[in-house]
Each structure stands twice: as C-alpha cells, then as structure tokens.
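All remarks here apply to the structure that follows.
None of the figures in this text is laboratory data; all of them are computed from the coordinates on show. In this text, all values refer to a predicted model and were calculated from it rather than measured experimentally. Every residue, glycine as well, gets a Cβ built from its backbone with ideal geometry; the counts of neighbours run over all protein chains shown.
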Amino acid sequence: MRPPAAGGPVRLGTRSVRVTAKHRYTVILEPQEEGGFNVHVPALPEVVTYGETEAEALAMAEDAIRLAISYRIDHGEPVPAEAKPEVRQVTVAV
C-alpha cells in the first residue's frame, strides 16, 4: 500500500484523518511606488499576490501558496520543492 499524499485523507479504522505536510518557500516582496508589495513565489509561478503592508503581503502569500498546493494535490500534480533562487543585479546602459 502506498503512503497517502500530503493533505489527503487517511483511513484509520472507521475514522478519516487528514495528513498535513509543511512546505517552506522563498517569497520575493517587490515594493511598489504607490505603496504596498507585490509578492512572487519562484517555486510556484502561479502564485502572485499583493499586500499593502509587508505583514499583509506575507499573509496573502501564505494563503495563495496554500491554495496552489491544495489545487496541485487535488489534481494529481506534483508539489515542487523550494526553488532556492539566486538574485543578482545587472547594469544596463540605454
């Protein structure tokens, strides 16, 4: 018997128990000129959100990540591991 997918139900006798897995992702907060932050998650490109404060942006990111992972599990898609992005700056003359 194969182990249950994270977040999936498991039968124990006559009861079902939901298995929970923890996932940790890097989020990129991009300050906006008009205020607030856009948030991107490199490992989950479908996750892009916004918050007026850093705390709100991070809370929105958590919700969006949770939804993206749930969708992937429910549709049999893989849940990616952390992308470990590397950030660099480039200078461009125009």
Would you be able to tell me the number of residues in region 55-94 that are assigned to a loop (DSSP other than H, G, I, E, B) and not charged (D, E, K, R)? 15
Would you be able to say whether some residue in region 61-68 is touching an Asp or Glu at 6+ places or on another chain (Cβ under 8 Å) and more than 11 Å from T26 (Cβ to Cβ)? yes
Give the residues of region 85-94 that are over 17 Å from L29 (Cβ atoms) and either within 13 Å of the chain's Cα centre (by Cα) or of a type in the set (A, V, I, L, M, F, W, C) (or both), sorted by residue number. V90, V92, A93, V94
Take region 72-94 and flag every residue that is free of Cβ contacts under 8 Å to residues at least 12 places away in the same chain, exposed (fewer than 12 other Cβ atoms within 10 Å of the Cβ) and not aliphatic (A, V, I, L, M). D74, H75, G76, E77, P78, E86, R88, Q89, T91
Among residues of region 29-54 being part of a strand (DSSP E or B) and within 11 Å of the chain's Cα centre (by Cα), the residue surrounded by the fewest Cβ atoms within 10 Å (Cβ to Cβ) is V48
